[in-house]
Every structure is written in C-alpha cells, then in structure tokens.
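Report on the following structure.
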Ligand code: NAD
C-alpha cells in the first residue's frame with residue numbers, strides 16, 4: 001500500500017482544526033485503487049469532552065441569536081456548499097468509490113435540507129390561545145434541545161450528515177458530528193464552509209473515531225440528543241445506551257428493501273428501476289432494492305430484461321465519466337459481500353449473473369465486484385435474510401399478490417418498499433398494507449424530499465421521529481407552553497383547587 005501522499009486529518013473543535021497527536025489512527029483508502037489516502041485520528045473521551053465544552057459555551061449565545069441571524073448563516077452556507085460541490089464530490093468518490101455523478105447527487109439531496117432549514121422560521125412558529133381563562137392567555141414555543149450529536153455511516157458521507165446538521169443548527173443547537181472513519185474527509189469541508197458562512201466557533205465540531213468516541217458521546221452528560229444512521233445492531237445499541245443516559249435518540253438502521261413486480265407491470269420500467277436501484281452506488285444505499293418479488297409468471301421475462309441491462313453496465317473507477325458503477329468501499333466490505341455470494345451458491349440459490357472475479361484494468365487492487373443476480377431465493381438463505389449492502393439482487397418468486405406482500409411484511413426490516421404495477425387498485429392496497437416507512441409505486445427508490453421526513457419502520461428505525469422535514473424540527477426542539485396573567489384587581493385570591501377555566 002502506497003503511503004507517501006496520505007493526508008493527516010484532524011478533529012475540528014472550537015472553530016478550527018484540532019491537531020493534537022492522537023493515541024490511535026485509522027487508515028482511509030481510495031476504493032478504486034486500494035491506495036492509502038489519509039490517516040484519521042480516533043478521538044478519546046477527552047477529545048469528545050473538549051468538543052462538548054466548546055459546544056455548550058457556544059450554544060448559550062447561538063440558541064439566543066435571532067432566527068434571522070441563524071437562517072442567514074444557512075443561506076450563506078447553501079451558497080458555499082453549492083460552489084464547493086465539485087471539490088466535495090471528488091473527495092466522496094475517492095474515499096467511498098461511488099461515481100462522480102452519484103456523489104454530486106448525494107450532495108444535492110443534502111443541499112435540499114439546507115434549503116429547507118433556510119425557511120425554518122415558518123416551522124418554529126408557536127401557537128397562541130388568548131383567554132384560556134378569565135384574563136389568562138396561553139402560548140406555545142419550540143426551543144433548542146441544547147447540544148446534539150450525529151453519528152453517521154460510510155455510504156453517504158455528505159447527505160446523511162446534512163440530514164441532521166442544518167436543522168439542528170438552525171433550531172439553535174450546537175452539533176457535534178462523528179462521521180464514518182472510512183470516508184471522513186468531507187466532514188471537514190462541511191466544517192470549513194459553515195465557518196466561512198459565519199457560524200460562531202464551537203457551534204459545529206467534528207470528532208473522528210470508532211466505538212470509543214461513540215461511547216463517549218452516548219454517555220456524556222452534557223449531550224442532549226443523538227441522531228444515528230448505520231447498521232441495525234449498532235442502531236439498537238445506540239438507542240438503548242443513549243436513552244439509558246437520558247438523551248433523546250433517533251437511530252436509523254439497516255434495510256432489505258423489496259420491490260414487488262405484478263404481472264401487469266410495465267416490465268421495461270420495472271427492469272430499468274430494479275437495475276438502477278440495485279446497482280447504483282454498488283448497492284451501498286439504505287434505499288437500494290435488494291429483493292425483487294415476482295408474482296405469477298413474470299420472473300422469466302423480467303429476468304431477461306434485467307440481464308440485458310446488466311450486460312451493458314460499465315463498472316469502473318468513479319472518476320471515469322463512462323463508469324456507471326464504482327467499487328465497494330473497502331477490502332473488508334468486498335470480502336463480506338463476495339463471501340455472501342459464495343454462501344448463496346452453496347445454499348442452492350441460482351446465480352444467474354456472477355460478478356465475482358471482475359478485474360478493472362489499471363485498478364487491479366480496487367474493491368470491484370460486478371453486478372450479481374440470484375434467482376429462486378427463499379427465506380432462510382443468508383442472501384435473503386442478511387443485508388448484503390453490495391451489488392447483489394435476489395429474486396424471490398411468489399404465487400400471488402397476498403403471498404408477496406406477506407413476505408415483505410414478515411421481513412424484520414421496514415425501510416423502503418416498492419410495487420410495479422399498472423393497476424391503481426393494487427397500488428392503493430399495497431400503500432396501505434405494507435409495513436415500511438417509505439413506499440414507491442413504480443418508483444424503486446422512494447426517498448422523501450427534504451420537506452417530508454425520512455425513516456423506516458421495524459428494525460430500520462429505533463425511536464419515534466424520522467429525520468429531516470417536520471420530524472427533524474421536532475427532534476431538535478423541545479416544546480414549551482406558557483400561561484400568562486397580568487395583574488388585575490379581579491383575581492380571585494388563594495385557591496388550592498386544581499386549576500380549571502373560568
Ligand atoms: P455501521 O453501523 O458500521 O457504522 C455507522 C457508524 O457507527 C459509524 O460512524 C461507525 O464508526 C459507528 N460504529 C460502528 N460500529 C460501532 C459500534 N460497535 N459501536 C459504536 N459505534 C459504532 O454502518 P456503516 O457500515 O458505516 O453503514 C452502512 C449501514 O448503514 C447499512 O446497514 C445501511 O443500511 C445503513 N444505513 C441506513 C440508512 C437509513 O436511513 N436507515 C441510511 C444509510 C445507511
């Protein structure tokens with residue numbers, strides 16, 4: 001592994017780089033070549049505490065700053081983010097591996113949350129009820145929670161942090177980000193752009209690291225709220241540990257998104273949708289479709305169309321504009337995904353397209369795995385039961401719509417689910433019956449816009465509120481109701497009875 005040009009990353013605490021030497025570092029590699037590109041410091045509890053102390057100090061003034069000032073910072077941040085897109089996309093492509101256009105897409109989706117936060121004044125309006133009793137008025141308001149932290153996954157190093165940061169900060173909180181240690185560099189550009197946009201020092205910090213840093217966040221008494229996005233076992237741990245420490249927690253977990261294809265579906269639309277949703281970002285999306293459930297005799301014609309499309313897909317480095325699918329994020333993840341493909345073959349699933357053994361010229365040390373398709377998959381096989389998070393589509397054949405929807409609903413995950421059909425009645429029934437948080441009708445990846453909230457059901461989300469949109473505003477604020485009476489000679493004197501209205 002070449003180390004000559006590796007960048008030394010730092011935490012970002014109290015408004016600037018924090019370059020104290022760390023006790024432990026992690027390696028960040030370029031996924032398309034396997035080359036070491038950066039070393040990332042792993043925070044200790046002391047490092048986390050320094051970020052928290054800066055956050056607590058800064059939040060007192062920031063939480064009291066006018067809404068105009070807070071949203072002005074968001075407007076300025078939006079412009080800087082827009083101008084830095086190319087720089088950011090190149091960083092994401094280098095460390096994550098996704099193709100540049102896909103990296104641009106995730107930045108745009110994150111930017112939409114910044115745009116939503118620019119209009120936050122509308123959502124922070126309270127309610128007012130005059131004369132709830134004689135001479136007594138009542139009004140409600142939303143106030144900042146205090147110090148919030150975000151712990152984010154490798155697969156969207158820009159979009160997922162931006163699901164959280166703009167809303168938390170515009171609501172008047174300080175925010176500490178613990179990005180994935182696998183592709184951490186983009187988080188430092190976010191920190192720089194927020195500072196340039198006029199955000200006071202300490203309101204936003206970045207601490208890098210692994211479980212040690214996460215545990216320090218989960219148990220720190222001055223952190224009030226934790227947002228997490230990542231795999232289900234870690235999400236469950238974050239929810240249980242954070243709430244046991246008295247914090248409000250939203251923890252979004254893994255997924256196994258199913259798409260049902262009914263016999264009356266437009267099969268070209270379905271095949272285009274399934275191939276795009278299964279192999280975009282090499283399947284490393286929480287909204288990737290990883291299971292196609294075919295109903296009746298639709299499997300053969302659909303698989304034929306899927307195979308035709310896969311044969312034309314260009315797999316290569318994300319920096320090549322001709323590439324449609326890049327590598328997996330790391331060697332360890334490559335080994336996990338190809339190991340699951342081996343397991344599928346051993347368990348008797350029919351591997352119709354085999355992407356193993358792919359070598360990309362000039363990038364022989366990159367973590368490339370070609371698209372794979374399994375047919376005749378059944379629950380109980382590892383390729384069905386486990387989240388693969390790679391370019392692997394499995395096909396399960398169902399005899400009828402009720403059998404198909406039962407399969408989807410029995411799955412422990414409930415992030416997204418889709419149906420392909422031209423029958424409005426079937427689509428409507430699916431919308432209502434399916435136990436998933438985000439539902440697509442002839443749309444394979446139904447990711448909500450920034451002004452709706454994003455989140456799944458069952459093992460795909462622990463907590464009550466989804467991220468961004470109106471739920472994000474609720475998560476990062478506490479409600480307060482004020483009851484007022486101004487001195488009036490008519491007040492009734494001492495009354496130990498329970499207050500009722502007069
Ligand atoms: P991960 O769970 O391994 O890591 C997520 C974060 O948790 C990282 O910051 C990591 O440093 C930290 N972490 C990892 N192990 C930990 C531990 N034992 N204790 C404490 N912290 C720990 O997830 P990942 O591999 O980075 O991301 C992929 C996963 O994220 C997939 O399961 C995917 O479905 C999920 N995901 C879900 C959504 C969603 O919206 N539901 C969105 C994106 C990704």
| Calculated P(r) tail over 15 Å for segment 106-147, as whole % of Cα pairs | 64
| Acute angle (nearest 10 degrees) that the helix 232-244 long axis makes with the longest principal axis of the chain, alpha-carbon atoms | 10
| message | Report the rotationally averaged projected area of segment 344-502 based on its alpha-carbon convex hull, in square nanometres. | response | 19.1
| query | Out of the DSSP beta bridges found with both residues in segment 358-502, what percent are antiparallel (nearest 5)? | reply | 30
| More than 23 angstrom apart: percent of Cα pairs within segment 238-342 | 44
| note | For residue 128 and residue 108, extending 7 Å from Cα along the Cα-Cβ vector and measuring point to point gives, in nm, a value of 4.2
| Antiparallel DSSP bridges in the chain: what percent, to the nearest 5? | 40
| field | Part-to-part distance (alpha-carbon centres) for segment 107-125 and segment 168-232, which is given in Å | value | 18
| Near-label residues of segment 152-187 by backbone N, under 17 Å of a point 7 Å along Cα→Cβ of residue 201 | 175
| field | For q = 0.11, 0.14, 0.18 Å⁻¹, Debye-computed log10 I/I(0) when each Cα of segment 257-441 counts as one equal scatterer | value | -0.45, -0.72, -1.17
| task | Just need the relative contact order of segment 149-272 here, percent rounded to a whole number, with Cα pairs under 8 Å and 6+ apart. | result | 23
| Space enclosed by the convex hull of the alpha-carbon atoms of segment 292-378, per residue, Å³ | 104
| Mean separation of Cα contacts under 8 Å (6+ apart) over length of the chain, as relative contact order % | 18
| Angstrom value of the Kirkwood radius, inverse mean 1/r, which spans all Cα pairs in the chain | 24.1
| query | For segment 257-441, what relative contact order do you get, as a whole percent, if you take Cα pairs closer than 8 Å and at least 6 residues apart? | reply | 28
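Among DSSP bridges having both ends in segment 257-441, what percentage is antiparallel? Round to the nearest 5.
Percentage antiparallel, nearest 5: 10.
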| task | Over every pair of different alpha-carbon atoms in segment 49-168, take the mean of 1/r and invert it; report that Kirkwood radius in Å. | result | 16.7
| On average over all directions, what projected area in square nanometres does segment 4-87 have, based on the convex hull of its Cα atoms? | 7.7
| task | Between the alpha-carbon centers of segment 377-392 and segment 243-257, tell me the distance in whole angstrom. | result | 23
| Length gained when the stretch residue 101-residue 60 is fully extended (0.36 nm per residue, less Cα-Cα span) | 10.7 nm
| query | So if R0 is 41 Å, what FRET efficiency would residue 244 and residue 68 give, r being the distance between their Cβ atoms, rounded to the nearest 0.05? | reply | 0.60
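None of the figures in this text is laboratory data; all of them are computed from the coordinates on show. The structure presented is a predicted model; accordingly, all values stated were derived computationally and were not measured. No Cβ is skipped: glycine too gets one built from the backbone with ideal geometry, and neighbour counts run over all protein chains shown.
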